[in-house]
Amino acid sequence: MRLILNVIWLVLAGFWMAVGYAIAGLICYVLIITIPWGIASFRIANYALWPFGREVVDKPGAGTGSLLGNVIWIIVAGLWLAIGHIVTGIALCVTIIGIPMGIANFKLVKVSLVPLGKEIVESR
């Protein structure tokens with residue numbers, strides 16, 4: 001079932017979301033000082049490609065640097081990304097077939113809002 005949901009997700013939304021996050025990551029790499037956000041953006045892009053069967057967890061050892069980086073991220077981009085995922089998730093939940101895709105979008109809200117200090121692992 002995860003495979004079917006991931007393929008549908010990839011075709012309908014995941015590919016374009018991943019491309020968007022990858023472009024943001026490349027821009028962060030060009031600006032050098034924002035490389036940590038670039039790394040996080042590529043991690044989100046990977047998660048956006050194949051979200052079913054994986055989850056976001058707190059990374060052990062993430063400290064004050066992650067907290068400060070997340071505050072900056074929320075101000076610059078995180079809030080708008082989270083709002084976009086919420087609106088898209090609500091729109092997808094209007095149809096019965098779109099409900100799993102909407103739930104996947106809601107899962108992306110957490111990592112798009114505060115990406116530093118998180119890692120993506122396989123679900124149990």
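Taking 13 Å as the cut-off, the amide N atoms of the stretch 1-32 that come nearer than this to a point 7 Å along the Cα-to-beta-carbon line of I103 belong to 1-2, 5-6.
Per DSSP H run of at least 4 residues, take -39500 (n - 2.57); add these up for the chain, divide by its residues and hand me the 222 nm value, nearest 500 deg cm²/dmol.
Numbers: 6 runs with 78 residues, N = 124.
It comes out at -20000 deg cm²/dmol, rounded to the nearest 500.
For the chain, the alpha carbon convex hull comes to 89 Å³ per residue, rounded to a whole number. Modelled spin labels at C93 and V7, positioned 7 Å past Cα toward Cβ, are 2.8 nm from each other. A cut-off of 5 Å between modelled amide H atoms, ignoring neighbours fewer than 5 places along the same chain, links R54 with S123.
I need the shape label for the stretch 1-72. Rule: rounded when a/c is under 1.5, else prolate if a/b > b/c, else oblate, with a, b, c from the alpha carbon gyration tensor.
Values: a/c = 3.78, a/b = 1.54, b/c = 2.45.
It comes out oblate by the Cα gyration axes.
Residue by residue, the stretch 90-105 carries 3J(HN,Hα) couplings of 5, 4, 5, 6, 5, 9, 5, 5, x, 4, x, 5, x, 5, 4, 5 Hz when phi is fed to the Karplus relation 6.51 cos²θ - 1.76 cosθ + 1.60 (θ = phi - 60°); x denotes Gly or Pro.
Leaving ligands, DNA and RNA out of it, report the carbon-plus-sulfur percent of the accessible area of the chain at a 1.4 Å probe. Kindly include the intermediate steps, with their values, before the conclusion.
On the way: 5680 of 7200 Å².
The computed percentage sits at 79.
Ranking request for peptides 103-113, 89-99: highest mean number of other beta-carbon atoms within 10 Å first, then the rest in descending order. Spell out each step's value before the answer.
Values: 103-113: 20.5, 89-99: 13.3.
Sorting 103-113, 89-99 by mean packing, highest first, produces 103-113, 89-99.
What is the chain's relative contact order, in percent, from Cα pairs under 8 angstrom and six or more apart in sequence?
Values: 153 pairs, mean separation 38.3, N = 124.
It rounds to 31 percent for the chain.
Counting heavy atoms of the protein chains only and a 1.4 Å probe, report the per residue accessible area for the stretch 1-92 as a whole number of Å².
Values: 5470 Å² over 92 residues.
Solvent-accessible surface per residue comes out at 59 Å².
Working note: Karplus 6.51/-1.76/1.60 with θ = phi - 60° gives the stretch 108-124 the couplings 6, 4, 4, 6, 6, 7, 9, x, 7, x, 10, 9, 10, 10, 5, 6, 7 Hz, where Gly and Pro are set to x. The HN-Hα couplings worked out from phi for the stretch 40-48 by the Karplus form 6.51 cos²θ - 1.76 cosθ + 1.60 (θ = phi - 60°) are 5, 5, 5, 5, 5, 4, 4, 5, 5 Hz, whole numbers, x standing for Gly and Pro.
The values are calculated or read from the model by the stated rules, or taken from the named source; none is laboratory data. Since we're looking at a predicted model, the values are computed, not measured. In this analysis, Cβ positions are derived from the backbone assuming ideal geometry, glycine residues included, and neighbour counts consider all displayed protein chains. These accessible areas exclude ligands, DNA and RNA; they are computed on the full protein's heavy atoms, side chains included. Shrake-Rupley method; radii C 1.70, N 1.55, O 1.52, S 1.80 Å.
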